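I have placed the structure first, in the form of structure tokens, so that the comments after it can refer back to it.
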Amino acid sequence: MKELIVGIDLGTTNSEIAVDLDGEIKVIPIHGNPIMPSCVGIDSAGKLIVGQAARNQLIAAPESTVLSIKRKMGTDEKVKLGDKEFTPEEISSFILRELKQEGERHLDQAIHKAVITVPAFFNEQQRKATQLAGELAGLEVVRILNEPTAAALAYGGGNADGETMLVYDLGGGTFDVSVVTVEAGVIEVKASHGDTHLGGDDFDQLLVEHAVAAFKKAQGIDLHQDLKTLRRLKVAMEQAKRRLSDDPCVTVREEYLDGERHLELELMRTDYEEMILPLMEKTLICLHQSLSDAMLGPTNISKVMLVGGATRTPLVHRLLQNRLGLDPRFEINPDLIVAMGAAVQGGVLAGEKRHSILVDITPHTFSTGILSDHLGYRRVECFPIIPRNTPLPASKADLFTTCYDDQISVEVTAYQGENVLPEENTLIGNFMVEGLSEVPAGNQVIIHFDLDLNGMLKVTATEKATGLAKTVTMDTRGAHRLDIDQARRNIASLVGEPGGASSETASERPDHHAQLATAKDLRKRAEGLLQKNISSEDAAELRKLLQESAEAISMSADLTDFNEALSDLLFYLED
Ligand code: ADP
Ligand code: MG
């Protein structure tokens, strides 16, 4: 049997273990889950418990449970567990031993050697402590690897010489950002900055404060003194925070929170993002610091990799894109990437030649059409719900509002493609939702996209106030299928055989592609004119036609009349 060298991410909040099996990187489940809380405890019978079981007793028995031991690595500080005291190395060794034993059980093979990762900023003492923890767990630690290096390895770094990458790692309690370069096949951390007290826990804490304030306002009770309730709230808020990464709003319900009264709290993603923005700004300052230490600017970076569970927060992606123009990579699970990279290193040391990490992602962005203001007129734009490179299956939602008073219906569209203009993307499907409440403009509608591994997209629109909902499942591979259907019909029209499956989409109308091409051309010319010095009346007329034509395009309507009107006006204005 081949020698195995496993890769272990010994994290502050969570730990993971992975292994290179004949060139394929596999994450080994621990107690049935790929992620194990880095939590150690003593149960009521005095037995040592590690992982989720220890995490579960945190509220009931905080004095018998240890969290975040990684922060103490390399210090002499001891921690109490039940009536005994332990060094940080000993506590860490319990975590490593659990990973080793579960790994052995799962692989049905003994594990003797490991690569263990540490933050780039760890000093010699902290690295030694980690090594010692491994040995106490019965592991030969063949290498202590920097976490950002592991992330770069997972993304295939090391193959392209001269590559400069950025690793943005936002975990539970710590944030690091590192500049990593590849020279002569060697991956090196050029600069690393961070904040050892900034991470998902802080986001939870802000939500806890928000909930405490809401409870005080509603019930007149201050929960600040009640430690047990605060811990319970923290668990609830951490779950709500995770859901806010995929949904635009969540409701938190905690019954008998203070023993008598319930908490019912609605959280909007937009409000949450406002709460955490100052902390996110801090991460960007660190990022700039790292770049300037390495004497680089954002344009020198070829790849930005997202690491750590908290990078699932959509605001992280948006800030990196909007503020720095960087398009982050997130197709490898941010919770598992460090362990996977460590397994790649383990594989290299064990003599494995090939290392592949298989991920199922969507190569396209899926958006919905919305009305948006552009150069002073309204046009239909594509608003991304599931960005490209998102791992599958994916389930994401966003919140939209109606444009007009008493708007009782909305058209929901789904597009595939990267452009903001619907006409440049592929229409996957559309449907009407009727019977919305007759209320002023601004009625909230949640659009939910569920994309599975087979390319089926389930689109659900829900009126938030009433729960009125409609779901339509669309086949995203339709773009190709339609082409085949059209080809069949073309052939059929020549040889006189019945056509393919009938469907009413515009893409199948023989002249639709030509109409669309004409519309695109006319619209470009019109937008060009709007930038020039034309009278306000002409501009208004042009904007009106642009808007009408955009709406027609988004509904896949016949474009003949719109094209004609636009062409006439352009003829008159361009002279
Ligand atoms: P560490 O490296 O510190 O062990 P992890 O990388 O495991 O930490 O990240 C843990 C943090 O990620 C926690 O704060 C957790 O709440 C957060 N997290 C996990 N999943 C999500 C999610 N879907 N959205 C937002 N935060 C998340
Ligand atoms: Mg981590």
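Looking at region 420-435, can you tell me whether even one residue there is polar (S, T, N, Q), within 25 Å of D247 (Cα to Cα) and open to solvent by less than 10 Å² (accessible area, probe 1.4 Å)?
Pass one, region 420-435, residues polar (S, T, N, Q): 425-426, 430.
With the extra rule that they be within 25 Å of D247 (Cα to Cα), the set shrinks to 425-426, 430.
Checking which are open to solvent by less than 10 Å² (accessible area, probe 1.4 Å) leaves us with none.
Among the residues of region 420-435, not one is polar (S, T, N, Q), within 25 Å of D247 (Cα to Cα) and open to solvent by less than 10 Å² (accessible area, probe 1.4 Å), which makes the answer no.
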- Pick from region 302-319, criterion farther than 22 Å from G156 by Cα and part of a helix (DSSP H, G or I), ranking: farthest from ligand 2 (Cβ to nearest atom): R318
- Task: Among what's in region 320-346 and is in contact with a Pro (Cβ under 7 Å, 6 or more places away or on another chain) and closer than 28 Å to Q239 by Cα, pick the residue that is nearest to ligand 2 (Cβ to nearest atom).
- Result: L336
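Can we say K532 is open to solvent by 90 Å² or more (accessible area, probe 1.4 Å), under 22 Å from L573 (Cβ atoms) and modelled with pLDDT of 85 or more?
no
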- Query: Can you name the residue in region 163-189 that is crowded, with 24+ Cβ neighbours inside 10 Å and within 10 Å of ligand 1 (Cβ to nearest atom) and, of all such residues, is farthest from E238 (Cα to Cα)?
  - Reply: D176
- Message: Which pairs turn up if I take residues in region 50-61 that are closer than 13 Å to N33 by Cα and look for partners that are of a type in the set (D, E, K, R) with beta carbon separation below 8 Å, at least 6 apart in sequence or on another chain?
- Response: G51/E98; A53/D43
- Item | Scan of region 99-143 for residues that are touching a residue at least 24 places away in the same chain (Cβ under 8 Å), assigned to a loop (DSSP other than H, G, I, E, B) and either open to solvent by 80 Å² or more (accessible area, probe 1.4 Å) or of a type outside the set (S, T, N, Q) (or both), ordered by number | I111, H112, P119, A120, F121, F122, A137, G138, L139
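Output the number of residues of region 380-401 satisfying the condition of being assigned to a strand (DSSP E or B), among the hydroxyl-bearing types (S, T, Y) and open to solvent by less than 30 Å² (accessible area, probe 1.4 Å).
Pass one, region 380-401, residues assigned to a strand (DSSP E or B): 380-386, 391, 394-401.
Keeping just the survivors that are among the hydroxyl-bearing types (S, T, Y) gives 395, 401.
Applying the additional criterion that residues be open to solvent by less than 30 Å² (accessible area, probe 1.4 Å) yields none.
Going through region 380-401 one residue at a time, the tally reaches 0.
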- Tell me, which helices (runs of 4 or more DSSP H) wholly within region 506-575 include 3 or more residues that are acidic (D, E) and either more than 24 Å from Q416 (Cα to Cα) or touching a helix residue (DSSP H, G or I) at 6+ places or on another chain (Cβ under 7 Å) (or both)? 536-554, 560-573
- Task: Could you check how many residues of region 1-42 are among the acidic types (D, E) and within 16 Å of ligand 1 (Cβ to nearest atom)?
- Result: 2
- Task: Say whether the condition of being under 23 Å from G171 (Cα atoms), within 16 Å of ligand 2 (Cβ to nearest atom) and open to solvent by less than 30 Å² (accessible area, probe 1.4 Å) is met by at least one residue in region 277-294.
- Result: yes
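Could you tell me whether region 249-257 includes any residue that is away from ligand 2 (no atom under 16 Å from the Cβ), open to solvent by less than 10 Å² (accessible area, probe 1.4 Å) and under 22 Å from the mean Cα position of the chain (by Cα)?
Taking region 249-257 as the starting set, the residues that turn out to be away from ligand 2 (no atom under 16 Å from the Cβ) are 249-257.
Subsequent filtering for residues that are open to solvent by less than 10 Å² (accessible area, probe 1.4 Å) retains 250, 252, 257.
Restricting the remaining residues to those that are under 22 Å from the mean Cα position of the chain (by Cα) gives 250, 252.
Yes, because at least one residue in region 249-257 is away from ligand 2 (no atom under 16 Å from the Cβ), open to solvent by less than 10 Å² (accessible area, probe 1.4 Å) and under 22 Å from the mean Cα position of the chain (by Cα).
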- Message: Every residue in region 307-341 that is under 30 Å from I5 (Cα atoms), in contact with a helix residue (DSSP H, G or I) (Cβ under 7 Å, 6 or more places away or on another chain) and within 11 Å of ligand 1 (Cβ to nearest atom), please.
- Response: V307, G309, A310, P334, D335, I337, V338
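Results for (1) touching a Ser or Thr at 6+ places or on another chain (Cβ under 6 Å); (2) surrounded by fewer than 22 Cβ atoms within 10 Å (Cβ to Cβ), shown as yes or no for each residue.
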{"site": "E3", "(1), (2)": "no, yes"}
{"site": "D20", "(1), (2)": "no, no"}
{"site": "M36", "(1), (2)": "yes, no"}
{"site": "G46", "(1), (2)": "no, yes"}
{"site": "K70", "(1), (2)": "yes, no"}
{"site": "D76", "(1), (2)": "no, yes"}
{"site": "K84", "(1), (2)": "no, yes"}
{"site": "I91", "(1), (2)": "no, no"}
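Going by the conditions given, is L265 away from ligand 1 (no atom under 13 Å from the Cβ), assigned to a strand (DSSP E or B), at pLDDT 95 or above and not polar (S, T, N, Q)?
Values: away from ligand 1 (no atom under 13 Å from the Cβ): yes; assigned to a strand (DSSP E or B): yes; at pLDDT 95 or above: yes; not polar (S, T, N, Q): yes.
Yes.
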- Message: If I filter region 341-354 for residues that are among the charged types (D, E, K, R), open to solvent by 60 Å² or more (accessible area, probe 1.4 Å) and within 22 Å of I553 (Cα to Cα), do I get at least one hit?
- Response: no
- Scan region 366-379 and give yes if some residue there is in contact with a helix residue (DSSP H, G or I) (Cβ under 8 Å, 6 or more places away or on another chain) and surrounded by fewer than 16 Cβ atoms within 10 Å (Cβ to Cβ), otherwise no. yes
- Note on the structure: Among the residues of region 535-569, the number that are farther than 27 Å from T426 by Cβ and buried (at least 17 other Cβ atoms within 10 Å of the Cβ) is 3
- Message: Show the residue pairs meeting these rules: Cβ distance below 8 Å; 6+ apart or different chains; first residue within region 522-533 and touching a residue at least 40 places away in the same chain (Cβ under 8 Å); second residue open to solvent by less than 90 Å² (accessible area, probe 1.4 Å) and of a type in the set (G, A, S).
- Response: L522/S549; L522/S567; R523/S549; R523/A550; L530/G376; L530/A539
- Candidates V410, V459, V445 - the one that is more than 23 Å from the chain's Cα centre (by Cα), surrounded by 15 or more Cβ atoms within 10 Å (Cβ to Cβ) and outside any loop (DSSP other than H, G, I, E, B): V410
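The values are calculated or read from the model by the stated rules, or taken from the named source; none is laboratory data. Just so you know, these numbers come straight off a predicted model, no measurement behind them. When we count neighbours, we look across all protein chains shown, and the Cβ atoms used for this are built from the backbone with ideal geometry, even at glycine. Note: accessible area is taken over every heavy atom of the protein model, side chains too, but ligands, DNA and RNA are not part of it. Shrake-Rupley method; radii C 1.70, N 1.55, O 1.52, S 1.80 Å.
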